[in-house]
Amino acid sequence: MTTKQETVQDTLRQPSELLYHQELEALKAADTGKVPAGWQMSPKAVLTFITGGEAGGVAITPKYIGNKRLVEMAIATLVTDRALLLIGEPGTAKSWLSENLTAAIYGNSGLVVQGTAGTTEEQVRYSWNYAMLLANGPSPEALVKSPIMRAMEAGGIARFEEISRCASEVQDALISILSEKTIAVAELGQDVSARKGFSIIATANTRDRGVNDMSAALKRRFNIIVLPSPADVETEIEIVRKRVGEIAAQYDLQAAVPGDEALRKVVTIFRELRSGVSLDKKEKIKSPGGAISTAEAISLLTGSMALAASFGDGELRDADLAAGLQGAIVKDDDKDRLVWQEYIANVMKKRGETWRGLYNACQELNS
């Protein structure tokens with residue numbers, strides 16, 4: 001018989017409130033600040049959870065490495081009745097920050113609407129169990145509440161991922177919710193009103209501009225915070241190192257965590273391809289069509305570790321990195337392959353002996 005604890009431990013990806021349960025409990029126990037209505041800890045404690053620190057002898061790991069003031073602005077927004085919109089390039093930790101803010105403030109990050117071209121207005125507001133509806137007509141038992149409606153009733157936080165991927169009429173279903181803080185259920189002749197603590201954290205990808213642009217009316221209902229890409233090489237290396245270590249532990253990858261040299265090489269390649277210029281600003285570089293984000297670098301390195309563990313001796317080698325780079329960069333096959341081949345030949349080749357092994361491994365895959 002499988003116990004609840006075993007089930008949680010076997011979960012492929014635990015939500016932040018379970019993954020960092022010990023840290024959250026330590027923060028709540030040590031918290032002496034004023035706790036807003038509907039929150040489980042004070043804003044300062046939430047900030048410590050996100051940016052790192054210490055509480056009651058327990059080390060609090062940083063969940064977001066970047067501009068601390070942006071995190072303070074996000075938390076301050078949620079103290080008020082304003083919703084929060086996090087905007088940024090792919091891989092700027094929008095969803096990760098959204099999840100961890102919700103875990104710290106409300107303790108349940110699972111009330112999520114995932115925005116896609118197929119997302120409907122019913123997924124934002126409510127729908128019906130049609131078997132019960134046909135049998136007995138509209139009733140509270142037949143009502144299927146959206147994550148947003150459930151958050152309203154509980155005084156919690158709902159998350160709306162990739163809001164700009166939804167059609168404009170779906171987005172606009174939020175306007176009355178954010179303005180009036182109610183959802184009218186006309187079939188039952190009743191309104192569902194939000195309790196104190198209710199808010200929405202939405203995310204939007206800057207690469208989706210022009211797909212389904214948000215209306216001015218909807219934007220006015222949000223406080224908007226733009227999350228930048230990591231400002232410098234060292235910051236990005238630290239982000240990648242931290243997340244790769246966490247993911248490797250979670251999946252129990254039987255491979256050595258990448259050393260500083262491997263991390264620096266991957267981050268250097270990604271920053272140069274992303275910016276279109278070498279780090280020393282001396283050489284222009286073509287950029288591939290796909291996203292070359294920090295999140296992609298993290299995925300590349302964990303995939304390379306899996307290669308090393310499954311088909312090598314557990315030591316991350318240049319051949320493993322080369323395979324990961326090939327898969328991460330060459331997405332739009334013809335164009336991206338040419339961009340990558342030019343980078344190998346014109347940039348990587350000139351980097352000297354410390355890059356020779358990686359150059360040879362990449363060249364071999366592209367020969």
For this session: Determine how large the accessible area of Ile247 is when every protein chain is in place; take a 1.4 Å probe and give Å² rounded to the nearest 10.
Result: 30
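Using a probe of 1.4 angstrom, how much of the accessible area of the range 37-119 is carbon and sulfur, in percent? Kindly include the intermediate steps, with their values, before the conclusion.
Values: 1640 of 3000 Å².
So the carbon and sulfur contribution to the accessible surface is 55 percent.
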Problem set entry | Amide H within-cut-off set for Leu111, under 5 Å, with H built and near neighbours excluded | Arg159
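From the C-alpha gyration tensor of the range 30-158, pull out the three semi-axes of the equivalent ellipsoid (sqrt of 5λ each), sorted largest to smallest, in whole Å. Could you put the intermediate results ahead of the total?
Working: eigenvalues 228, 63, 27 Å².
Semi-axes from the Cα gyration tensor: 34, 18, 12 Å.
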Seminar exercise, completed: Phi-derived 3J(HN,Hα) across the range 350-358 with the Karplus relation (6.51, -1.76, 1.60, θ = phi - 60°), rounded Hz, x for Gly and Pro, is 8, 7, x, 5, 5, 9, 4, x, 5
Seminar exercise, completed: The answer for Ala55, listing residues at least 5 apart or on another chain whose modeled amide H is closer than 5 Å to its amide H, is Ile60
For this session: Determine how large the accessible area of Thr48 is when every protein chain is in place; take a 1.4 Å probe and give Å² rounded to the nearest 10.
Result: 40
For this session: Could you do me a favour and compute the accessible area per residue for the chain, 1.4 Å probe, result in Å²?
Result: 48
Exercise. Counting only protein heavy atoms, what percent of the accessible surface of the range 235-284 is carbon or sulfur at a 1.4 Å probe?
Worked result: 50
Exercise. Going down the list Lys242/Lys286; Lys63/Lys284; Lys281/Lys331; Lys63/Lys335, which pairs span over 32 Å between their C-alpha atoms?
Worked result: Lys63/Lys284; Lys63/Lys335
For this session: Under 12 Å from the Cβ of Ala248, count the other residues' Cβ atoms, weight Lys and Arg +1, Asp and Glu -1, and hand me the total.
Result: +1
Exercise. Put Arg150, Arg351 in order of accessible area, largest first, 1.4 Å probe: what do you get?
Worked result: Arg150, Arg351
Seminar exercise, completed: With x for Gly and Pro, the residue-by-residue ³J(HN,Hα) of the range 63-76, computed from phi through the Karplus equation 6.51 cos²θ - 1.76 cosθ + 1.60 at θ = phi - 60° and given in whole Hz, is 9, 10, 10, x, 5, 4, 5, 5, 5, 4, 5, 5, 5, 4
Exercise. How do Val257, Val185 rank by accessible surface area computed with a 1.4 Å probe, from largest to smallest?
Worked result: Val257, Val185
For this session: Could you order Val244, Val35 so the one with the most accessible surface comes first? Probe is 1.4 Å.
Result: Val35, Val244
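Using the Cα centre as the reference, give the magnitude of the dipole from point charges on the C-beta atoms of the chain (Lys, Arg: +1; Asp, Glu: -1; all else neutral), rounded to the nearest 20 debye. Numbers along the way, then the final one.
Numbers: 42 positive and 47 negative charges, 208 e Å.
Dipole about the Cα centre, nearest 20: 1000 debye.
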Exercise. Computed over the Cα atoms of the chain, what is the convex hull's projected area averaged over all directions, in nm²?
Worked result: 22.7
Exercise. What accessible area, in Å² to the nearest ten, does a 1.4 Å probe give for Leu134?
Worked result: 150
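The values are calculated or read from the model by the stated rules, or taken from the named source; none is laboratory data. These numbers come from a predicted model, not from an experiment. With ideal geometry, Cβ positions are generated from the backbone for all residues, glycine too; neighbour counts draw on all protein chains shown. We work out accessible area using only protein heavy atoms, side chains counted, and drop any ligands, DNA or RNA first. Shrake-Rupley method; radii C 1.70, N 1.55, O 1.52, S 1.80 Å.
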